[in-house]
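K.L.:
Have a look at this one before I ask anything.
No lab work stands behind these numbers, since they all come straight from the coordinates. Not measured: the values here are computed from a predicted model. Cβ coordinates were reconstructed from backbone atoms using ideal geometry, including for glycine residues, and neighbour counts include every protein chain displayed.
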């Protein structure tokens, strides 16, 4: 397998929202499997940040009602908790915050940003839908959980191109509080073998060390686009404040999931049935273009 050196400069994969050329942006994305757009989500950050912190407060208040699931513990508002570090003041920390398009108008509104959709359209074509309902990964302070290097396709393999992920920083994000790391060019390798880790599916750390990845530090409102096969992850939050990010995912309107998994075991089972999966009702809200009627296979 080709080794992508970690010496690639972030400047080679970044552009700026005030001088955005969607065609050039798409070229960077296709070459490297990732793209940084500085300042793109800045107009939405204040409102989304406020909603995120309200959701976090509610989630902590609901923690006594959390139910254990294979992935951790889930509160009634949909927040996923994982075990907290030994030195923390409680035994669970937030991983995935229960906020998205059904709970935050600001979050939903930002998914329709015209400049972002111009770039996604240059990548995927004119007919684009949302995949899933938005996601917020919330690293609590003082050791907030890492997300080991992984590919999103390990969780949701698609029939065609798969979704473009757009991860957005809500606060200043750096090496101390859990900046996203990416391995440029890894989108060409297809889906690799994943193993079970503390933070669910991930690549084997014996083969995939952090020094192979490029850290992307940034300001509130910076956006990182990445291919479903691009290897990425983030380390612990060692700062005194939370480090939230929110994510939009976009895909072609005719695309669909063929393998869905959260563990190595259920991934292996889903792979056996992948060829039999039909699109059925896997439809998301259209953000660009039009979805013509196509009779479903029966």
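K.L.:
To the nearest 0.05, how large is the calculated FRET efficiency for residue 21 and residue 91 if R₀ is 51 Å and r is the Cβ-Cβ distance? Before the final figure, lay out each step's value.
P.N.:
Working: r = 49 Å, r/R0 = 0.96.
It comes to 0.55.
K.L.:
For the chain, calculate the relative contact order in percent as a whole number, restricting contacts to Cα pairs under 8 Å that are 6 or more residues apart.
P.N.:
Working: 650 pairs, mean separation 76.8, N = 298.
Worked out over the chain, it gives 26 percent.
K.L.:
Quick one: work out Rg over Rh on the C-alpha atoms of segment 1-126, Rh as Kirkwood radius. Intermediate results must be reported in sequence, preceding the final value.
P.N.:
On the way: Rg = 19.0 Å, Rh = 17.5 Å.
That ratio equals 1.08.
K.L.:
Continuing with this model, one more query. Please state, as a whole number in µm²/s, the translational diffusion coefficient that the Stokes-Einstein equation yields for segment 1-74 at 10 °C and 1.306 mPa s, with Rh defined as the Kirkwood radius across alpha carbon pairs.
P.N.:
Working: Rh = 16.2 Å.
Taking Rh from Cα pairs, D becomes 98 µm²/s.
K.L.:
Still on this structure, please answer the following. Between residue 275 and residue 254, what's the calculated FRET efficiency when r is the beta-carbon distance and R0 is 25 Å? Round to 0.05. Mind showing how you got there, number by number?
P.N.:
Details: r = 18 Å, r/R0 = 0.70.
Using R0 = 25 Å, I get an efficiency of 0.90.
K.L.:
Where a ≥ b ≥ c are the square roots of the eigenvalues of the C-alpha gyration tensor, would you call segment 109-162 rounded, which needs a/c under 1.5, or, failing that, prolate if a/b is larger than b/c, or oblate? Don't skip to the end; give the middle numbers.
P.N.:
Numbers: a/c = 2.80, a/b = 1.56, b/c = 1.80.
Cα axes put segment 109-162 in the oblate bin.
K.L.:
Let me make sure I get this right: for segment 85-212, a, b and c are the square roots of the gyration tensor eigenvalues over alpha carbons, sorted descending. Under 1.5 in a/c it's rounded, otherwise prolate if a/b > b/c, else oblate. Which is it?
P.N.:
Details: a/c = 1.91, a/b = 1.22, b/c = 1.57.
It is oblate, given that a/c is not under 1.5 and a/b is not larger than b/c.
K.L.:
A follow-up question, please. For the residue pair residue 67 and residue 268, what label-to-label distance in nm results when each label sits 7 Å from Cα along the Cα-to-beta-carbon direction?
P.N.:
Label-label distance for residue 67 and residue 268, simple model: 2.8 nm.
K.L.:
Starting from the exponent 0.38 and prefactor 2.2 Å, build the expected Rg for segment 198-298 from its residue count and divide its actual Cα Rg by it. The partial results should precede the final answer.
P.N.:
Details: Rg = 18.1 Å, N = 101, 2.2 N^0.38 = 12.7 Å.
Against the empirical 2.2 N^0.38 Å value, I get 1.42 for segment 198-298.
K.L.:
Another one. Give me 181, 32 ranked fewest to most by other Cβ atoms within 10 Å of their Cβ, as a rough exposure proxy. Please list the in-between numbers first.
P.N.:
Numbers: 181 21, 32 24.
The most exposed by this proxy come first: 181, 32.
K.L.:
Test of understanding: extend the Cα→C-beta vector of residue 217 to 7 Å, then name every residue of segment 8-33 with backbone N under 14 Å from that spot.
P.N.:
Answer for this model: 10-11.
K.L.:
Taking every eigenvalue of the Cα gyration tensor of segment 10-279, multiplying by 5 and rooting it, what semi-axes result, largest first, whole Å?
P.N.:
Numbers: eigenvalues 135, 104, 72 Å².
Over the Cα atoms of segment 10-279, the ellipsoid semi-axes are 26, 23, 19 Å.
K.L.:
Could you list the residues of segment 129-148 with an amide nitrogen less than 18 Å from a label point located 7 Å from the Cα of residue 195 in the Cα-to-C-beta direction?
P.N.:
146-148
K.L.:
Could the peptides 36-44, 138-146 be put in order, highest first, of the mean number of other beta-carbon atoms found within 10 Å of their residues? Before the final figure, lay out each step's value.
P.N.:
Details: 36-44: 20.0, 138-146: 21.8.
Ranking the peptides 36-44, 138-146 by packing returns 138-146, 36-44.
K.L.:
Three principal axis extents, largest first, for the C-alpha atoms of segment 39-80, in Å?
P.N.:
Its Cα atoms span 38, 20, 10 Å along the three principal axes.
K.L.:
Still on this structure: May I have the pair-distance distribution P(r) for segment 57-130, computed from all Cα-Cα distances with 10 Å bins from 0 and rounded to whole percent?
P.N.:
Cα pair-distance distribution for segment 57-130, in percent: 17, 33, 22, 21, 6.
K.L.:
Quick one: check the C-alpha center-to-center distance for segment 5-47 versus segment 101-134, whole angstrom.
P.N.:
Using only Cα atoms to place each centre, the spacing works out to 16 Å.
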